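Below: the structure, in structure tokens.
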Amino acid sequence: MPFPAGEHYQDLKTLVADLQLHTVCEAARCPNIGECWNQRTATFMLLGNVCTRACGFCNIATGRPEPVDAGEPERVARAIAYLKLQYAVLTSVNRDDLPDGGAHIFAATLRAIHDRLPDCRVEVLIPDFKGDPDALAAVLAAAPAVLNHNVETVRRLGAVVHPQAKYDRTLELFRRAARLAPEIPLKSGYMVGHGETFDECVELMQDLCAAGVRILTVGQYLRPSQQHLPVERYWTPAEFADLRERGLAIGFDHVEAGALVRSSYHAREQEAAAHGQAPHELGAPRPLRAIPADRSLITLPVLQDEPS
Ligand code: SF4
């Protein structure tokens, strides 16, 4: 990937820092950050930047998180309104220390964005909330455009890749969401490169599809550092094409598969494709208003004057 740089990249970086926000793009050292940020696509990470889980593939820091920041939903909404995003993705660290896993912050952020930008479609990439049905219901009640939750890996490798998650709990989350809000498309994603076989991937895709998932992403695991799980194998472009083809045959509306595909990569296009829209029907992104050189202007009174 090209070195991340460019006008919008730099502006977004400053905006995120000024509003004291976090993005998974930076925290996870995503290889697509230059491309996405220059297209004004970012995945905002709620509930701080310290996770209560320690997954072997993930670059996000593990530890004792800061207390919940009640002002975060409003600041995220202001950033999204300022960028005039038509499609936004929200995710979070795992907050197993909170009674609802942080679901109320997802709901509050969705509502804050909808208040400011009623046309902005918001995808949420949620943790499993330890299987708490009330937490899931709270997020669904705030009307996300897509509910996404990553299964991450095949059943056999779950204990190695993300020991605090559970394969069957993920499937149950989707079945429950499909019952509670059948109008909200469900999405999931997994990585290859941890030693899984093609047949195990097929089994995984069948399980997800049967649980109600309609949109699927498949990407290559890349080791963030020497302290993380090693890459067992790099899958070839032809193998990714096979996975995509098999996924579509199993019944998904849309499958994005490729070495650099990440859960939120081309998220807006994925959601449109699942609704049968071609990329050209999405329309051009709204023109970006220049972010003032004087960063103090990116303050709340200015943003409050913005038309929603
Ligand atoms: S793929 Fe997702 S996490 Fe990576 S830079 Fe793009 S929006 Fe951020």
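Counting neighbouring Cβ atoms within 10 Å and putting the fewest first, the residues 115, 11 line up as 115, 11. Largest GNM mean-square fluctuation across 13, 84, 187, computed for the chain with C-alpha springs under 10 Å, falls on 13.
Summarised in one figure, the compactness ratio Rg/Rh of segment 16-98, Cα atoms and Kirkwood Rh, is 0.96. The Cα atoms of segment 70-226 define a convex hull whose projected area, averaged across directions, is 9.9 nm². Karplus-derived 3J(HN,Hα) values for segment 44-56, using 6.51 cos²θ - 1.76 cosθ + 1.60 with θ = phi - 60°, are 7, 10, 8, 6, x, 10, 10, 9, 7, 10, 10, 7, x Hz; glycine and proline are entered as x. Strictly greater than 33 Å: what percent of every Cα pair in the chain meets that? Value for the chain (Cα pairs over 33 Å): 19 percent.
Considering helices alone, the calculated mean residue ellipticity of the chain at 222 nm is -11000 deg cm²/dmol, with DSSP H runs of length four and up weighted by -39500 (n - 2.57) and normalised per residue.
As an exercise, find the ratio Rg/Rh for segment 3-56 from alpha-carbon atoms, using the Kirkwood inverse-distance average for Rh.
Across segment 3-56, the Cα-based Rg/Rh ratio is 0.99.
For a modelled paramagnetic label at residue 54, 7 Å from Cα along Cα-to-Cβ, the residues of segment 136-171 in reach, with backbone nitrogen under 19 Å, are 158-166. Summarised as an ellipsoid, segment 102-194 has semi-axes of 25, 13, 12 Å, derived from the eigenvalues of the Cα gyration tensor scaled by 5 and square-rooted, with the largest first.
Evaluated at q = 0.12, 0.19, 0.22, 0.23 Å⁻¹, the base-10 log of the normalised Debye intensity for segment 164-255, with identical point scatterers placed on the Cα atoms, takes the values -0.41, -0.92, -1.12, -1.18.
In what order do 201, 120 fall by count of nearby beta-carbon atoms within 10 Å, going from fewest to most?
Placing the least packed residue first, the sequence is 120, 201.
Among 75, 169, 111, the ranking by other beta carbons within 10 Å of each residue's beta carbon, starting with the fewest, stands as 169, 111, 75.
Bear in mind that the values in this text are calculations on the coordinates, not laboratory data. Keep in mind it's a predicted model, so treat the numbers as computed, not measured. Don't worry about glycine lacking a Cβ; one is built from the backbone with ideal geometry, like all the others, and counts go over all protein chains shown.
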